[in-house]
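These notes are about the structure you will find just below.
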Amino acid sequence: MQELIGRAADILIGAEYAIALTGAGLSVESGIPSFRGPDGLWTRYGQPSNLSYRVFSQDPQAWWEQRLNDEAAPGNPTYDLKAAVDQALPNPGHVALADLESLDVLKSVITQNVDGLHGRAGSQAVLEIHGNRNHLRCIGCGSRRPRDGYLITDLPPPCIDCGGIIKLDTVMFGEPIPAPTLAACAQEVHRCDAMLLVGTSGAVNPAAQFPLVAREQGAKIIEVNPMPTELTAAAHVVISGGAGDILPAIVQAVRERINA
Ligand SMILES: [Zn+2]
């Protein structure tokens, strides 16, 4: 194990441009339920319709009314996830990724998580490819703003910039990932020469393709996950364990090498 951690640290320090790709497994340690897997929200409640975004687009007012009802009453996945995200704190894995950025070892984090915990842990360069639950986004002009402090009265809420329709920033099923975010992710993937995978199962595109594209271009891939995933075969270093244990150990190994 210690040897693997050392190899991961060597790769990260030796890289010109190392990035991380994170998924639900990282935030499970913060108490946020995953979607798939034995205790996943969708396992318990059923997977949302592939037409979520079409449902929203056809009647945003009805969608918002349902949404606000769900948020207020227990017994549905919206309530469970909101309650978990509202209470969640960054865990040592999030903090370790922020530490690697402040050490200038990690250049950015691409995350599939919508909980905003990377930012709260101190990471600056974060691309939230599936959006952020704590933000709203206008489907007209694309502007984003924190939901906190934004008074929702008229439904659907109108954009104060363009008058367009506001939705949650979270990317719905059937909704295209906002083009600027996708372009920024692609740029990071093409630029990186090392990629640290944390808690991502490799089941959801387009993020699942990022390690494969990076590897094709010569990047070294490090995977940290308690279980083998669809990306394990593509990784140069595989460390089996939880992010809260492994990532702080990688930070320590990086510090020892920098100070040596
Ligand atoms: Zn707008």
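General remarks:
- Boolean, Pro176 is out of contact with any Cys (no Cβ under 9 Å at 6 or more places or on another chain), within 16 Å of the ligand (Cβ to nearest atom) and more than 27 Å from Val224 (Cα to Cα): no
- In the set (1) within 16 Å of the ligand (Cβ to nearest atom); (2) under 13 Å from the mean Cα position of the chain (by Cα); (3) in a helix (DSSP H, G or I), the condition left unmet by Cys185 is number (1).
- Lone qualifier among Asn50, Asn69, Asn91 - being surrounded by 17 or more Cβ atoms within 10 Å (Cβ to Cβ) and either out of contact with any Pro (no Cβ under 9 Å at 6 or more places or on another chain) or not aliphatic (A, V, I, L, M) (or both): Asn91
- Scanning the range 186-219 for residues that are among the hydrophobic types (A, V, I, L, M, F, W, C), farther than 30 Å from Pro38 by Cα and out of contact with any helix residue (DSSP H, G or I) (no Cβ under 7 Å at 6 or more places or on another chain) turns up Ala186, Ala219.
- Unmet requirement for Ser34, which otherwise passes all of (1) among the hydroxyl-bearing types (Ser, Thr, Tyr); (2) part of a helix (DSSP H, G or I); (3) modelled with pLDDT under 90; (4) in contact with a Leu (Cβ under 9 Å, 6 or more places away or on another chain): (2)
- Residues (closer than 24 Å to Pro176 by Cβ and buried (at least 19 other Cβ atoms within 10 Å of the Cβ)) located in the range 198-241: Thr200, Ser201, Gly202, Ala207, Phe210, Pro211, Ala214, Leu231
- Residue ID - nearest to the ligand (Cβ to nearest atom), chosen from residues in the range 154-173 that are of a type in the set (D, E, K, R) and surrounded by fewer than 15 Cβ atoms within 10 Å (Cβ to Cβ): Asp161
- Tallying residues that are assigned to a loop (DSSP other than H, G, I, E, B), surrounded by fewer than 21 Cβ atoms within 10 Å (Cβ to Cβ) and not hydroxyl-bearing (Ser, Thr, Tyr) within the range 117-145 yields 10.
- Every residue from the range 210-252 that is part of a strand (DSSP E or B) and within 19 Å of the chain's Cα centre (by Cα): Ile221, Ile222, Glu223, Val224, Asn225
- Matching residues, the range 103-153, being out of contact with any helix residue (DSSP H, G or I) (no Cβ under 9 Å at 6 or more places or on another chain) and within 16 Å of the ligand (Cβ to nearest atom): His135, Leu136, Arg137, Cys138, Gly140, Cys141, Ser143, Arg144, Arg145, Pro146, Arg147, Tyr150
- Residue match in the range 253-260 (condition: open to solvent by less than 70 Å² (accessible area, probe 1.4 Å) and either within 19 Å of the chain's Cα centre (by Cα) or modelled with pLDDT under 95 (or both)): no
The values are calculated or read from the model by the stated rules, or taken from the named source; none is laboratory data. Bear in mind the structure is a predicted one, so any value in this text is a computation, not a measurement. Note that we place each Cβ from the backbone using ideal geometry, even for glycine, and neighbour counts take in every protein chain shown. Ligands, DNA and RNA are stripped out before the accessible areas are found, and what is left, the full protein with its side chains, is counted by its heavy atoms. Shrake-Rupley method; radii C 1.70, N 1.55, O 1.52, S 1.80 Å.
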